[in-house]
Structures are given as C-alpha cells and as structure tokens.
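Read through the structure below, which is laid out as structure tokens, and then see the notes.
The values are calculated or read from the model by the stated rules, or taken from the named source; none is laboratory data. Because the structure is predicted, anything quoted here is derived from the model rather than measured. Positions of Cβ are generated from backbone atoms using ideal geometry, with glycine treated the same way; all protein chains shown enter the neighbour counts.
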Amino acid sequence: MFQPSIVHKIKILVFSILCSNSFAQIITIPIETKQNALVLQTDAENRLGIVYFGKKLSKTSEYTGIWNDHKYNDVNAAISHSVYTPSGSWNMIEPALTLIHADGNTSTDLKYVSHKAEKQGENVLLIRILLKDPVYATEIMLFYKTYFAENVIEQWSTIKNNEKGNLKMNKYASANLYFIANNFYLKHYHGGWGREMKPEETKLTAGIKTLDSKLGTRANLFQPPTFSLSFDKPATENEGKVLFGTLAWSGNFKIDFEKDSYYNLRLIAGINSHASEYVLSNNQTFKTPSFIYTYSENGKGEASRNMHQWARKYRILDGEGSRLTLLNNWEATYFDFEEQKLTGLFKDAKKLGVDMFLLDDGWFGNKYPRNDDHAGLGDWQENRKKLPNGIGYLVKEATKAGVKFGIWVEPEMVSPKSELYENHKDWVIRQPERPEHYFRNQLVLDLTNPEVQDYVFGVLDNLFNKNPELAFIKWDANATIFNAHSAYLQKQNLPQTHLYVDYVKGLYKVLERIRAKYPKIPMMLCSGGGGRVDYEALKYFTEFWLSDDTDPLERIFIQWEDSYFFPAISLCNHITDWSKVGIKYRTDVAMMGKMGYDIVVNNLSEKELLFSQNALKKYVELKGTIWHGEMYHLVNPWENPIAAMQFVSQQKDHAVMFSYLTTNRFELSFTSKPIKLEGLDANKQYKVKEINIYPDTESILAKECIYSGEYLMTIGVNPDITLKRTSVVLEINEAK
Ligand code: DGJ
C-alpha cells in the first residue's frame, strides 16, 4: 500500500463528504511535476475522475475542493472526466476500455481500490492506481510515471484477466485525460513518402477528432502519433498553454479528441482497436504502450525543450552520448556498385572528414541479386559478384582508409523473388487465398512467429559475429501490411486480430535481444523516410531518418516540425544531390541535427570540397551545443520568408543560430529586422561571428562583434540574409 515516507511530491488527500445516506471517503491524488499537476479524485460512488490538469497550486490541500467549483452535474449526461472510461454500464461516450467478459457480458464499471507511489531515483516517481469492476474480478492498473524536472508524464495501463475463461478486449487505451478550457486547438500532422510532417492546426468542435493509423508496420507514414494541443487560444513559441503528446508505439494507433457536452475535452490514446480485438486467457496481463506528454503555460518552445531534455536523459538510446558523421552511398550509387567502387568511396569519406562510411541497400542476394528493389530482400548473404571478398574485406579496407564501417539492413521484409520467400512462405504476412499486394515490391515477415523473430535477430547477430568491427546499423522498413494474415497465429489457434499488436511486440522482442547483446552499437531507425518514429522504438535506436526528401528547402520545414518533439541529436540530416541548391545551404540545413552525406564526393568542385571539409571541422566544435543544448525556434518559415533556429549550450556560454531564406521573391528576400536570440544570459557578454562562409566570399559579419546577452535577446542581430546570402550561420561565444 501507499507509504507516505517514500512519497516524492505526492500527497493523498482524504476527506469525507456527506452523501444521501452514508459517508463516502473522497480520495484526491495529485500527480505533480515541477510546474504542473494532474489531479484525480473519487466521487461519491468511488469512481475516479480527473478534476484538474494544468499549472500546479502551491497549496496542495486546495486541490480537494476544485471539483465543487465545477457544475458538470447533468444527471442524464455521461460522466465524461473518468480516468479510464469503461463501456456498457453508465458510460455513453467514447470509452477507454471495452471488454467482453468470460461469461459473454459486455458491461464494465470501474471503481477505485487503492494506489501507491514508488520513488525511482531523485527525479522520477511511479504512481500505480488499482481499479476494479464491482461485479467482475478483472483488474485495471493505471500507471503514471512523472519526470519531475522535465514536466513530463508517461502514462500506461495494464489489464489483468482474473476471470474464469477468456477476456476479450475490444478497446484498451493507454491514457484517458480530461481538459477544461474555453477552446482547444489541435496541431497535428499528415503526409506521405517524401512529404512528411505537414502540420495543420484546427479548432476542435463538438464531436470526435481522430488521429490514427492502420498501416501496421511503418504506421506513421500518413500520420504520426504526435500532436500539440493548445488551450483557450493557439499557443505561440513563448506564450500560451500547450500540451505536447505522443504515443510510444510503432504500430497502429488511435488518438481521439472528444469535445463533450460541457465543451470540455476528453483525450483517449492507445493502440488502434481496428481489427485488433485482443483475447486474454485467465491470469494473463496486457500492458498498453505509453502515452507521453508535457505541458507548458509558456508556449511551444518550453514544451519542446521539456520533451528534448526528457528524451535525451530517459529515452533515446545513448541520448546524452555522441554520434558518428557519415558518408552514405545510397544517393551516390543506388544499387550500382561493386567492391572497387566502394573502397574508392571509403577514401572519399576520409578526404571529406567524416567518421564513417555507410553501405546502403543492394549488397546481398545471389540467386536473386538485389540489383533493384524487386528482388533479394531476405537473402542476407553478400552478393558474390559485387562483393567477392565479403563484408569482412570492406570493413578492413574502411579501417585502412581511416573510417568506420556501417551497414544497411531491412530485416523485417521479404521480396517475393527471394530464397527466403521460396523456403518459408509461411513466414510471410499474406492471405493465401488472395493475390498478393505489394508495397515497394515487397512483403512483411510475420514477427508474431518466434521462429521469424529468431531469424530477424540472426540477420544482425550473424553480421556482428562475422564482423565484430561493424560500427553502425541503418534499419530500414519500407512496406506496410497488406492482406493481414498470420499462418503462425492460425497454427497456434490464436485470433488473427492479434496480428497488428503481436507484430509490434515481436519487433520489440527482437530489439530487446539485439540490445541485450549489443547495447552500444548506434542504429538509425529508417523507414523509407519518416514512416516510423516513436518513443518506444527510440529506446533501441540512437537516431532516425526524417524523410527521403533531402531537398534543403523542404527539410527546413520537416526539421522545424520534427524538432518540436525530438531532440537534434536524434535527427539524421544528410547533404545530398536531391536539389541543386548550393552546398553551403544544404550543409547549413543538415547541421541542425546529426549531419551526414549522401553525395559523390568526386563531383564536388575544389571550393565545394574545401567548404565541406571546413564545415565538418566546425561541426566538431558545434555539435556539443547542437546535440546537448537547448533549441529555440526563432523565426517560423510557415509564416515568414525566412527560418531561424538557435541552439544554446546548457552553460549558456555558447550558441549557434541558423537562418535561411525560404523564398525567391526579391521583395521578401532580405532580413529587414534583427532576429532576437533566446536562452542566453542577459548579464553575459557574447562575441558574435558568422561561420560556414563559402571560400572567397566576404561577410560583414565575419568580424567578431561583442554584444550583451540582454542586447541580443532584446534587440537581436541581423544575419543580413539576401538573395545572394541565402543561409547564414552565426556562432555566439561568451566573451571571457
Ligand atoms: C529507403 C531509405 O529511406 C533510403 O535512405 C534508402 O536506404 C533506401 N530505402 C534503400 O532501399
């Protein structure tokens, strides 16, 4: 039970109120972070509801009375503020939980039983709340993990079948929240291949607005489980009340925003229940994925920095560590390479100055060589014609050339033209009676099957066994799930409706095994662009590929949006030949994250090469601030003809500002006003200087000027952007 002595920032407030003919004990549970509080309270019938979400009060005892000042007491309306809304009993609105009990009954009610808090280190507290149906033995446990300093709450639930027989779950949400405000503005994202993270902001009206995916594997190709929600009015960068939320799940998800009859907002987030009824046998427990959120009353900038700090410290693999710069051969060669060409590229990588060479798609398959994207996936043996001496030889040659060696895999997928498909058709997700339907000419392996899990683990394990010096893995996943059917589930007599869920669980099992054996190897989460990124997958990956669209102008917009939710250290930005924009612009854009190259180094002119070599050297000096510092979105390209972002070191002694022209229109093409910097120390003096200057060009900002932090944050600095200076990077160093 709850022990006050181990409690960190949580108090149970218990008081009694007079009910019609009995005394009911009212329990109040404040779940607090440094700035905010989510307050739960039982009602006279012992059901637990959310009575407050927002800025925390200094007197915790005042939480107890909040609900008395709200008059949501239409007896015929639903109870809409439940912490976990069941269905089939009193509830008439969107449920968080829909069960079919072992006896076939479809009604559930949930009452508060107990709760306890467990301190997990100085900053982290885990609160468990047990709810039970008065009629059925099934138990629901709600988990709220608070990260105090970062103002982040991670929330999930477990459902334990204590009934004598199977319990069917039709809906099993991770989180059910309730927000009270005058209006709600939802900013969400949509897109497709090469055009990820297109934002839309909309005022929520009565009814339900749903964000969801039914794609199976790379679930967020069309829509990510990531959003921001402003209260009262749309939040700006530094003003307004805003919640950032995201579901940590790499499969189908559903997030409902329901405006109730009191004009308040209910949020229900979790695995998409579409075609996913899940059956629990007696004594089995199901754990939902985490819903992660942070709230700020000082705008989107603060919320994003909360997320970044949390992600670096608690979530992303090696989030506070280092990363490798690299030269990738995908856009330089596509499938057209052989040993000699590659060893030439190693030398190019060295000449350029990156840490590593990354060999992309096309190195495998013999009976069905992977010479284009129609064949070979699944046959992970070196192609003897292209690579007669195998990967081992390449690793050695790369080492000789002075760079590390990394490799691309897509182990969850199979080409119909492959030996794997020929030998193990039953490992493939397909409907035997229907014609196959392909996504990028390939199919998905059935990760619900433990044999397939072994096989996928084996793909990486074999590579590492044979080549212990392998330094990096790019893990791709291009196809979605069509014709969802698992031969394995059928054989096991398990429902096919488990497929979407057990696929993702199978993937996590494989990743767990990989990380148990290879805890440190950096891995890029890639999915034909940003089709798969979430905070569960990022437990196993050090970084992710935002989009195949590497046109720098497009990337400014994509990176602008992704960087609200994910820190720069996790964003893989490559300089490619996708666009003909000058190398300086491309480099400056790629620098705002983890920089890499996908170019033919030999095609660079002398000046371009010199610029790139110098930029890589400069990046070594800047990367600490970019990867581990605080990020500020200074000028929004969706609203202005320029974009500007800034990174500030934790000690506030170093900063870098990136600014870009995002229009061709002469009239709009210069920065008439200075750009105000943020996050500096007003009392410090700073030297400001332009960097990344293209060889043989001049800049009036190239000479160091000294300003106070106060000046830079109040008046600002003008980067002097023009049609001739379309990207300008300023370095800001404390003058000591
Ligand atoms: C999709 C990825 O996004 C690309 O970078 C590249 O790795 C290709 N797949 C290879 O097929």
_Matching entry among 259, 233 (being in the same structural domain as residue 306 (by TED's automatic domain parsing) and under 30 Å from residue 644 (Cα atoms))_ = 233
*Quickly run through the range 317-335 and pick out the residues that are more than 10 Å from the ligand (Cβ to nearest atom), surrounded by fewer than 21 Cβ atoms within 10 Å (Cβ to Cβ) and either more than 21 Å from the chain's Cα centre (by Cα) or within 17 Å of residue 352 (Cα to Cα) (or both).*
324, 325, 333
*Taking residue 345 as meeting all but one of (1) within 16 Å of the ligand (Cβ to nearest atom); (2) hydrophobic (A, V, I, L, M, F, W, C); (3) under 30 Å from the mean Cα position of the chain (by Cα), write down the number of the exception.*
(3)
*asked:* Taking the conditions exactly as written (in contact (Cβ under 8 Å) with a residue 60 or more places away in the chain, among the hydrophobic types (A, V, I, L, M, F, W, C), away from the ligand (no atom under 16 Å from the Cβ) and closer than 30 Å to residue 390 by Cβ), does residue 507 satisfy them or not?
replied: yes
*asked:* So residue 136 passes all but one of these: (1) within 30 Å of residue 495 (Cα to Cα); (2) touching a His at 6+ places or on another chain (Cβ under 7 Å); (3) assigned to a strand (DSSP E or B). Which condition number does it fail?
replied: (3)
*How do the pairs read when you match residues in the range 433-458 that are without any contact (Cβ under 8 Å) to a residue 24 or more places away in the chain with residues anywhere that are assigned to a loop (DSSP other than H, G, I, E, B) and within 16 Å of the ligand (Cβ to nearest atom), using Cβ under 9 Å and keeping only pairs 6 or more apart or on different chains?*
458/380; 458/411
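Looking only at residues in the range 462-481 that are within 24 Å of the chain's Cα centre (by Cα) and more than 16 Å from the ligand (Cβ to nearest atom), which one is surrounded by the most Cβ atoms within 10 Å (Cβ to Cβ)? Spell out the reasoning first.
Residues of the range 462-481 within 24 Å of the chain's Cα centre (by Cα): 471-481.
So of that shortlist, the ones also more than 16 Å from the ligand (Cβ to nearest atom) come out as 471, 481.
Working: 471: 21, 481: 23.
Result: 481.
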*Within the range 185-205, is there a residue that is within 30 Å of residue 285 (Cα to Cα), polar (S, T, N, Q), part of a loop (DSSP other than H, G, I, E, B) and in the same structural domain as residue 248 (by TED's automatic domain parsing)?*
no
*Return the total of residues in the range 60-90 being touching a residue at least 24 places away in the same chain (Cβ under 8 Å) and surrounded by 14 or more Cβ atoms within 10 Å (Cβ to Cβ).*
16
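I'd like the full set of residues that are touching a strand residue (DSSP E or B) at 6+ places or on another chain (Cβ under 7 Å) and away from the ligand (no atom under 16 Å from the Cβ), limited to the range 348-365.
Kept after step one, since they are touching a strand residue (DSSP E or B) at 6+ places or on another chain (Cβ under 7 Å), are these residues of the range 348-365: 348-349, 352, 354-361, 363-364.
Hits for the range 348-365 are 348, 349, 352, 354, 355.
Run down 459, 533 and say which single residue is modelled with pLDDT of 95 or more, outside the structural domain of residue 214 (by TED's automatic domain parsing), within 16 Å of the ligand (Cβ to nearest atom) and in a helix (DSSP H, G or I).
Working: 533 fails: in a helix (DSSP H, G or I).
The match here is 459.
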*Pick out, from the range 539-646, the helices (runs of 4 or more DSSP H) lying fully within it that include 1 or more residues that are surrounded by fewer than 23 Cβ atoms within 10 Å (Cβ to Cβ) and within 16 Å of the ligand (Cβ to nearest atom).*
552-565
*Residues of the range 433-447 satisfying the condition of being out of contact with any helix residue (DSSP H, G or I) (no Cβ under 6 Å at 6 or more places or on another chain), in a loop (DSSP other than H, G, I, E, B) and not aromatic (Phe, Trp, Tyr)*: 433, 434, 435, 436, 437, 440, 441
*asked:* If I ask for residues that are aliphatic (A, V, I, L, M) and either within 16 Å of the ligand (Cβ to nearest atom) or under 11 Å from residue 476 (Cα atoms) (or both), which ones from the range 395-412 would you list?
replied: 407, 409
*Hey, residue 419 hits all of (1) farther than 23 Å from residue 502 by Cβ; (2) in contact with a strand residue (DSSP E or B) (Cβ under 9 Å, 6 or more places away or on another chain); (3) acidic (Asp, Glu) but one; which does it fall short on?*
(2)
*Quick check: anything in the range 371-379 surrounded by fewer than 21 Cβ atoms within 10 Å (Cβ to Cβ) and more than 16 Å from the ligand (Cβ to nearest atom)?*
no
*Return a yes/no flag: does the range 494-502 have any residue that is modelled with pLDDT of 95 or more and within 16 Å of the ligand (Cβ to nearest atom).*
no
*For residues in the range 396-408 being surrounded by fewer than 23 Cβ atoms within 10 Å (Cβ to Cβ) and under 32 Å from the mean Cα position of the chain (by Cα), which is farthest from residue 462 (Cα to Cα)?*
404
_Qualifying residue in the range 103-110 (condition: surrounded by 22 or more Cβ atoms within 10 Å (Cβ to Cβ), touching a residue at least 24 places away in the same chain (Cβ under 8 Å) and not in a loop (DSSP other than H, G, I, E, B))_ = no
*Which listed residue is out of contact with any Phe, Trp or Tyr (no Cβ under 6 Å at 6 or more places or on another chain) and under 26 Å from residue 305 (Cα atoms), from 696, 720, 681*: 681
_Matching residues in the range 718-733 - criterion: being over 18 Å from residue 589 (Cβ atoms) and under 33 Å from the mean Cα position of the chain (by Cα)_ = 732, 733
*Of all residues in the range 383-412, how many are within 16 Å of residue 357 (Cβ to Cβ) and of a type in the set (D, E, K, R)?*
5
*In this structure, does residue 269 turn out to be in contact (Cβ under 8 Å) with a residue 12 or more places away in the chain, surrounded by 18 or more Cβ atoms within 10 Å (Cβ to Cβ) and not in a loop (DSSP other than H, G, I, E, B)?*
yes
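Based on what the data block shows, is residue 415 in contact with a helix residue (DSSP H, G or I) (Cβ under 8 Å, 6 or more places away or on another chain), modelled with pLDDT of 95 or more and within 16 Å of the ligand (Cβ to nearest atom)?
yes
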*Does residue 502 fit the bill of being crowded, with 17+ Cβ neighbours inside 10 Å, in contact (Cβ under 8 Å) with a residue 60 or more places away in the chain and acidic (Asp, Glu)?*
no
*Have a look at 228, 250 and point out the one that is hydroxyl-bearing (Ser, Thr, Tyr), part of a loop (DSSP other than H, G, I, E, B) and touching a Leu at 6+ places or on another chain (Cβ under 8 Å).*
250
_Scan the range 411-432 and tell me whether some residue there is outside any loop (DSSP other than H, G, I, E, B), of a type outside the set (Lys, Arg) and on the phi > 0 side of the Ramachandran plot._
no
